[in-house]
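One structure is given below, encoded as structure tokens.
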Amino acid sequence: MDPTLYDKKPEPGDLIEFFRGMYQHWAVYIGDGFVIHFAPDSEVQGVGNSGLMSVRHNKVRVKKEKLSVVVGSDKWRVNNILDKKFDARPVDLILKDARRMVGAELHYNIATKNCEHFVTDLRYGKPESRQVCQAVDACLVLGGAAAIALVGFCGIRALAKAFRDEEKEKEKEYHY
């Protein structure tokens, strides 16, 4: 890894935030230059969530890839975003659970089950997405045209579809 690409050397169990322009992609660092993250199978290998393809898919695959491959030419940083809010789980459990997930196909929903939810659940045992919370909060404060511009990165239709898909999944879970 090129030391000019990060602000601090990642340690196993750290969350890595990739800046993809209008949104951030997230992974958990597992050591030896590797991360675990998820992205749709149809995306180019090694690109992670660099495109907005994820909002058009409801299934993603958990992948183990070199940090340098996932980062590509984007900027990134170690960001254990919720350390002040929650205690991190023991590193050995984070790594064990992350490695166990590699290859798994998961349900994806931009609003409720995205890559940030995935890694915060691994690190803290709490699936949270600050970027979703911030977008929702801003929509409530700004309203109207400003809200549309704010969530434009995924499109109003994609966000609405995400919430509809989540409701359908909940219905499946409760109806046998």
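Every number here is computed from the coordinates shown, using simple stated rules; none is lab data. Worth saying up front: this structure is predicted, and the values here are computed from it rather than measured. Cβ atoms come from the backbone with ideal geometry, glycine included; neighbour counts cover every protein chain shown.
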Next on the checklist: Sort R100, R130, R61 by Cβ crowding within 10 Å, fewest neighbours at the top.
Outcome noted: R100, R130, R61
Checklist entry - Taking neighbour counts of Cβ atoms within 10 Å as a proxy for exposure, in what order, fewest first, do I94, I30 appear? => result I30, I94
Item to check | Order of K113, K126 under a 10 Å beta carbon neighbour criterion, fewest first | outcome: K126, K113
